[in-house]
Amino acid sequence: MKRFFQAAFPRSPVFGRTMLALFFYSILIVYLVKHVSHFQGIEAIDITASSTIAIGLIYAFRINSAYDRWWEGRKLWGQLVNDLRNLCIKFDLYFNVSAEEKAEFGNLVSAFPFALKDHLRGIRTDLTTLGVAVPDDKTNDRHAPLLMATLIFEFVQKKRMNTSHEFIDFLIVDKHLSAMMDVCGACERIKNTPISKWFNVSIWLWLTVYLSMLPWLLADELHLWTVLVVMFAGYFGVAIELIAEEIQEPFGCDANDLRTDKYCETIAESVKQILHTVPLAVTQKS
């Protein structure tokens, strides 16, 4: 229930201030129309209907464009969960390694989604907190997911070269190894391709004009009910726009963003179940 209210009522101060301003503004317009002789409402039902339809169409496009970005991000993280699960299953099946090496591999795999999550949020991850031993020549690498993928590739290749495994064993797991950077690159594409600023500004301009006109259009007919109607229209207009601004950047920490922390924990739990080891990434992050 708490998460529902956080998602339905944006925490942005813009939302509260706008709703408060609309409340007093609509009361003022109703008072002027009803009690001040030279103020008159606008009797234009056609304007009300056409403007409502127009802003509805604009919002439909707005939500669809933002939701497409959110849903693509969700599919990418779902793909990452599946690929890392398959990677661990095939590594456990085809590579006969010691329990210590299995634990090291499991920790590298578990650390990757944590590194990717922080990277997409613009946070530089200290991989030592995830229990990852970073070689001295790579300590200055700023792209943590790329570094983690490199370390996993190197680990698998080293195990193949030091044992009698055929090259086909490496090819079997290679597609899941490659999928890590495929997901990372696709998430970066979403993050680094923002929606046009002018589009966002034009939405707010249209919404401001619409909500400013609405009390004048309704005051003669609805009287004090105008306040309720305007507040209702304002809630949906402002809340939808603020929620759209959240989900168009789906990798952050807002209530409507993707639950990337949960996905990281899901991967770590899967690694634990498949490899029968407790990844340090889990204990360090918990």
(message) For the structure I just gave you, tell me whether VAL238 is β-branched (Val, Ile, Thr), open to solvent by less than 10 Å² (accessible area, probe 1.4 Å) and over 22 Å from the mean Cα position of the chain (by Cα).
(response) no
(message) Condition first: of a type outside the set (A, V, I, L, M, F, W, C), modelled with pLDDT of 90 or more and crowded, with 20+ Cβ neighbours inside 10 Å. Can you find one or more residues in the range 226-233 that meet it?
(response) no
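Determine which member of the set LEU120, LEU76, LEU146, LEU130 is in contact (Cβ under 8 Å) with a residue 24 or more places away in the chain and open to solvent by 70 Å² or more (accessible area, probe 1.4 Å).
Values: LEU120 fails: open to solvent by 70 Å² or more (accessible area, probe 1.4 Å); LEU76 fails: open to solvent by 70 Å² or more (accessible area, probe 1.4 Å); LEU130 fails: open to solvent by 70 Å² or more (accessible area, probe 1.4 Å).
The match here is LEU146.
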(request) For the range 88-100, name all the residues that are exposed (fewer than 15 other Cβ atoms within 10 Å of the Cβ) and either closer than 19 Å to HIS176 by Cα or acidic (Asp, Glu) (or both). (result) LEU93, ASN96, GLU100
(request) Please name all residue pairs, on different chains or six or more residues apart, with Cβ atoms under 6 Å, provided the first residue is in the range 80-101 and is farther than 23 Å from LYS117 by Cβ and assigned to a loop (DSSP other than H, G, I, E, B) and the second residue is open to solvent by less than 60 Å² (accessible area, probe 1.4 Å) and β-branched (Val, Ile, Thr). (result) none
(request) Looking for whichever is of a type in the set (S, T, N, Q) and free of Cβ contacts under 8 Å to residues at least 24 places away in the same chain here; the options are THR260, THR266, THR193, THR226. Which one fits? (result) THR193
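Okay, residues lined up against (1) out of contact with any Lys or Arg (no Cβ under 8 Å at 6 or more places or on another chain); (2) open to solvent by 50 Å² or more (accessible area, probe 1.4 Å); (3) hydroxyl-bearing (Ser, Thr, Tyr); (4) farther than 18 Å from ARG69 by Cβ:
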{"residue": "MET180", "(1), (2), (3), (4)": "yes, no, no, yes"}
{"residue": "ARG189", "(1), (2), (3), (4)": "yes, yes, no, no"}
{"residue": "PRO194", "(1), (2), (3), (4)": "yes, yes, no, no"}
{"residue": "TRP198", "(1), (2), (3), (4)": "yes, yes, no, no"}
{"residue": "SER212", "(1), (2), (3), (4)": "yes, no, yes, yes"}
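The values are calculated or read from the model by the stated rules, or taken from the named source; none is laboratory data. Being a predicted model, the structure only gives us computed values, none of them experimental. Note: ideal-geometry Cβ built from the backbone for every residue, glycine included; neighbour counts use all protein chains shown. We work out accessible area using only protein heavy atoms, side chains counted, and drop any ligands, DNA or RNA first. Shrake-Rupley method; radii C 1.70, N 1.55, O 1.52, S 1.80 Å.
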